[in-house]
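Written below as structure tokens is the structure these notes are about.
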Amino acid sequence: MPHYNVLFLCTGNSARSILAEAILNRKGAPEFTAYSAGSHPAGAVRPEALRQLQLAGLNTEGLRSKSWDEFAAPGAPRMDFVFTVCDNAARESCPLWPGQPMTAHWGVADPAAVTGTSEEIARAYREAFTILERRISLLLALPLATLDKMAIKRELGKIGGVGLPE
């Protein structure tokens with residue numbers, strides 16, 4: 001079986017990219033290993049993100065906010081896929097990733113930016129989680145071993161356009 005390393009990027013690496021890392025590590029094991037990082041890491045994972053993961057029964061051990069520089073350094077895992085999950089990270093100049101992984105933008109609204117009641121904030125994290133879980137499920141359903149690079153790139157772009165029904 002092929003093995004794929006996936007990096008989810010966001011600016012702060014405190015919510016969306018952390019959610020995606022935990023979801024893929026649970027749903028994609030053992031064929032996929034997920035990582036997350038940020039261009040300007042917040043330094044801590046948002047407690048609301050950790051709470052959402054715990055509610056979903058996902059492991060939160062070892063999750064931390066980290067710089068994307070860790071994954072561009074010598075000795076870092078070679079990435080097969082890199083997904084930006086926030087618009088800010090998608091517009092930034094990313095480091096050069098060894099091996100030239102496939103990249104795609106899977107923008108998700110920032111739940112950390114939501115203000116309001118605790119219920120409204122929890123709903124924002126639940127919605128971000130649901131969008132990411134749906135996109136990751138679609139990624140896992142792709143017959144990656146049988147598709148050429150252009151077909152995979154096309155499918156990844158389609159997946160990025162999948163969100164919650166209006």
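Among beta bridges identified by DSSP and lying wholly in the chain, the antiparallel ones come to about 0 percent. Shape index of the range 4-158: Rg/Rh, with Rg the Cα radius of gyration and Rh the Kirkwood radius from the inverse mean 1/r over Cα pairs, equals 0.95. Cross-link partners for Lys158 among the lysines, with Cα-Cα distance under 22 Å and sequence neighbours closer than 8 places in the same chain left out: Lys27, Lys149.
Using the Cβ-Cβ distance between Glu31 and Thr117 with R0 set to 35 Å, the FRET efficiency from 1/(1 + (r/R0)^6) comes to roughly 0.30. Mean-square fluctuations from a GNM of the chain, with a 10 angstrom spring cutoff on Cα atoms, peak among Lys149, Lys66, Lys27 at Lys149. Compared with the dominant principal axis of the Cα atoms in the chain, helix 16-27 is inclined by about 60°. Largest GNM mean-square fluctuation among Val114, Val85, Val45, using the chain with Cα springs under 10 Å: Val114. Structure remark: mean-square fluctuation, Gaussian network model of the chain, C-alpha springs under 10 Å; the largest value among Asn13, Asn59, Asn25 belongs to Asn59. In this simple spin-label approximation, Gln54 and Ala72 carry label points 7 Å from Cα along the Cα→Cβ vector, and these lie 3.5 nm apart.
Distances between placed amide hydrogens fall under 5 Å for Phe8 paired with Tyr35, Ser36, Ala37, Phe83, all partners being 5 or more residues away or on another chain.
We did not get these values from a lab; they are worked out from the coordinates using the rules stated. The structure presented is a predicted model; accordingly, all values stated were derived computationally and were not measured. Using ideal geometry, Cβ is built from the backbone for each residue, glycine included, and neighbour counts are taken over all protein chains shown.
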